[in-house]
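See below for the structure under consideration.
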Amino acid sequence: MSTPFTPAEAHRAIEVLASRSLIRLVTEIDDNGAIPPRRLAGTLPDLSAHQLRSTCEVARAHGLVRVAPGAGLELTDSGMELADLYDALARWARRHSVPVAVCEFSSRIRYVLGLLTPSLTTALTDRPGPLPDAHPISAEAEADLARVRTLLIQWLAGNLQVARADPVRAA
């Protein structure tokens, strides 16, 4: 599956997607609906004011959230698709007990994105690469991971603004 962006753009997009703060923001809105104005800090109390501000800027810049009058911060269609991708990544990690049997949702997503990053650039050139030796997994898990990798590539291909935007980092 070829995509119209470079490996550097893919790495930049993965860096944004793996942000713990962005994962928290997207999944919170997906799970509980729009966050009313002035309720962001109360909704995500584990994030500092700087992290919240930075993450919201990144999410808006990449078209993942918008401010809806009367409702507050809500997901765009791309944001909803990202929430679905995050769920698929977390389900794979939970099913295969990685990084450990019990861990935080965002840690699972970050771990799987870390697994996929090295093979992603080769997948972009129609040559799926092997997983790094540092992450030995079963053949069944690797086959399941290939399906999740395909979902990630499809999301990236449909959301080129994330790969091509100026590098902005979520905290």
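The values are calculated or read from the model by the stated rules, or taken from the named source; none is laboratory data. Treat the numbers as computed from the prediction; the structure is a model and nothing was measured. Every residue, glycine as well, gets a Cβ built from its backbone with ideal geometry; the counts of neighbours run over all protein chains shown.
For the stretch 79-120, what are the residues that are under 20 Å from GLU28 (Cα atoms), hydroxyl-bearing (Ser, Thr, Tyr) and crowded, with 18+ Cβ neighbours inside 10 Å? Within the stretch 79-120, TYR86, SER106, TYR111 qualify.
Among the listed residues ARG149, ARG169, which satisfies the condition of being at pLDDT below 90 and out of contact with any Cys (no Cβ under 7 Å at 6 or more places or on another chain)?
Details: ARG149 fails: at pLDDT below 90.
That would be ARG169, the only listed residue that is at pLDDT below 90 and out of contact with any Cys (no Cβ under 7 Å at 6 or more places or on another chain).
Only helices (runs of 4 or more DSSP H) wholly contained in the stretch 1-106 count here; list those with 3 or more residues that are within 17 Å of ALA163 (Cβ to Cβ) and touching a Phe, Trp or Tyr at 6+ places or on another chain (Cβ under 6 Å). Spell out the reasoning first.
On the way: elements: 7-17, 20-32, 40-43, 49-61, 77-95.
It comes to none.
Scanning the stretch 60-78 for residues that are exposed (fewer than 15 other Cβ atoms within 10 Å of the Cβ) and within 14 Å of LEU156 (Cα to Cα) yields one hit, ASP77. Being farther than 30 Å from SER138 by Cβ and of a type outside the set (A, V, I, L, M, F, W, C) is a condition met by at least one residue of the stretch 7-20.
When each of ALA18, ALA34, ALA13 is tested for being within 18 Å of LEU152 (Cβ to Cβ), of a type outside the set (S, T, N, Q) and touching a Gly at 6+ places or on another chain (Cβ under 8 Å), the lone residue that passes is ALA18.
Only one entry in THR43, THR27, THR55, THR6 is of a type in the set (Ser, Thr, Tyr), modelled with pLDDT under 95 and surrounded by 13 or more Cβ atoms within 10 Å (Cβ to Cβ), namely THR6.
Working carefully through the options ARG66, ARG95, ARG38, find the one that is of a type in the set (Lys, Arg) and at pLDDT 95 or above. Before you say what the answer is, go through the steps one by one.
Details: ARG95 fails: at pLDDT 95 or above; ARG38 fails: at pLDDT 95 or above.
Only one candidate qualifies: ARG66.
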